[in-house]
Amino acid sequence: MTATDTNAPATPNRNTVRATERRELLLLVGFLVVIWAVTTALSPRFLTPANLKDILIQAAPLGFVVIGQMIVIIVRGLDLSVASIMATVAVLSTSLIDVTPVIFAVGLLLGALIGALNGYLVAYRKVTPFLATLATMIVLQGIRFAYTKGAPGGALPETFRWLATGDIFGIPVALIALAIVAFAAHWMLERSVFGRLLKLYGDSPDAAYMTGAPTRLLVVMAFVISGVMAAIAGLFLVGYVGIVDNWTGRGYELDSIAAAVIGGAALSGGKGSVPGSLLAALILVSLFNIVVILGLSIELQLVIKGTLIILAAAVYMKRSQN
């Protein structure tokens, strides 16, 4: 068999994968357009510039978390500590100093360190991702409440608030930051050696090991990225809300997993899409906003979340059978 014959099957496989991803993206876009159109028909207030801007700003923190969660899922993991990282970073970094660049620097460092701890537990100590990140979540919660004695307080400089709620030429700063991070993450996954190794590991850890890839380091780095993304999300979220709270980001762990899976990530590893994950995150935030706009019971958000988690599980099972 010639070299050309050997390589021939790879092209249709790649084409099939890309075609599937495009089809899934189009379905997500279609679903988003439908729910926006229906809601606008019921309440014209939904499609006003002010409300759309609010949706995009609210979607930014979840978008950051989803990117990190999706990368962890690619390496066959889950990160249940993301919401706790968001709150802990927000509480600690804003209580230390009121200089915006330093707040972000401290927050990113904390997120990276917590992510590295998660990665170490999973990659080197062989703790399952579920248990490792669940334990980290609980430990961080204890540290947070001990540090604040249940009453967090921190300085929020005007520049910090502007980053979370301001805009440049009408475009929210948070959305610009998310777009930059999303572009970098997409390039990393699709174009870089590191991204290809992450997907190779997710497809087959043994195959990745046989190529000489530093498999344990890959897992650690995936969790570090998740920790950093959660830290950024926590800082943007407290800036948007305007207060520091011990429960900042509560529920984001499940929302991010659901969005990542609906957006194209496979819980079995090896597959994930930045555009798909962000679209799914926007759908989630839009649905939560719709509940408010239509004056429905706020408890309906819990019903929506539960339904979306079931939907994510169904989507995963369907992909697994293909």
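The values are calculated or read from the model by the stated rules, or taken from the named source; none is laboratory data. Just so it is clear, the model here is predicted, and its values are computed rather than measured. Glycine gets a Cβ as well: all are built from the backbone with ideal geometry, and neighbour counts include every protein chain shown.
Mind telling me which of the residues PHE145, PHE160, PHE130 ends up being of a type outside the set (Gly, Ala, Ser), surrounded by fewer than 18 Cβ atoms within 10 Å (Cβ to Cβ) and at pLDDT below 95? Residue meeting the stated conditions: PHE145.
Checked against (1) over 13 Å from ILE85 (Cβ atoms); (2) in a helix (DSSP H, G or I), ARG125 passes all but condition (2). Do the conditions hold for ILE304, that is, is it at pLDDT 90 or above and within 20 Å of VAL34 (Cβ to Cβ)? Spelling it out, it is not the case that ILE304 is at pLDDT 90 or above and within 20 Å of VAL34 (Cβ to Cβ). For beta carbons closer than 7 Å, sequence separation of 6+ or different chains, a first residue in the range 106-118 that is in a helix (DSSP H, G or I) and a second that is acidic (Asp, Glu), the qualifying pairs are ASN118/ASP79. Checking each residue in the range 86-103 for being buried (at least 18 other Cβ atoms within 10 Å of the Cβ) and under 25 Å from MET221 (Cβ atoms) picks out MET86, ALA87, THR88, VAL89, ALA90, LEU92, SER93, ILE103.
Each row is one residue, and each column tells you yes or no for (1) among the hydrophobic types (A, V, I, L, M, F, W, C); (2) surrounded by 24 or more Cβ atoms within 10 Å (Cβ to Cβ).
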site: ILE55; (1), (2): yes, no
site: SER84; (1), (2): no, yes
site: ALA105; (1), (2): yes, no
site: LEU121; (1), (2): yes, no
site: GLN141; (1), (2): no, no
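Scanning the range 39-82 for residues that are acidic (Asp, Glu) and under 17 Å from ALA259 (Cβ atoms) gives a single hit, ASP79. Sub-7 Å Cβ pairs linking a first residue in the range 207-220 that is within 21 Å of THR128 (Cβ to Cβ) to a second residue that is part of a helix (DSSP H, G or I) and of a type in the set (Val, Ile, Thr), at least 6 apart or interchain, are ALA208/THR215; TYR209/THR215; VAL219/VAL122, ordered by first then second residue. So is SER297 polar (S, T, N, Q) and within 14 Å of the chain's Cα centre (by Cα) or not? It is false that SER297 is polar (S, T, N, Q) and within 14 Å of the chain's Cα centre (by Cα). Screening the range 1-104 for helices (runs of 4 or more DSSP H) wholly inside it with 1 or more residues that are at pLDDT below 90 and under 30 Å from ASP206 (Cα atoms) returns the ranges 3-7, 10-42.
Within the range 224-263, the only residue that satisfies the criterion of being surrounded by 24 or more Cβ atoms within 10 Å (Cβ to Cβ) and at positive phi is GLY249.
List pairs: first in the range 132-161 and in contact (Cβ under 8 Å) with a residue 12 or more places away in the chain and on the phi > 0 side of the Ramachandran plot, second charged (D, E, K, R) and surrounded by 13 or more Cβ atoms within 10 Å (Cβ to Cβ), Cβ under 6 Å, 6+ apart or cross-chain? Close Cβ pairs (under 6 Å, with a partner that is charged (D, E, K, R) and surrounded by 13 or more Cβ atoms within 10 Å (Cβ to Cβ)) do not exist here.
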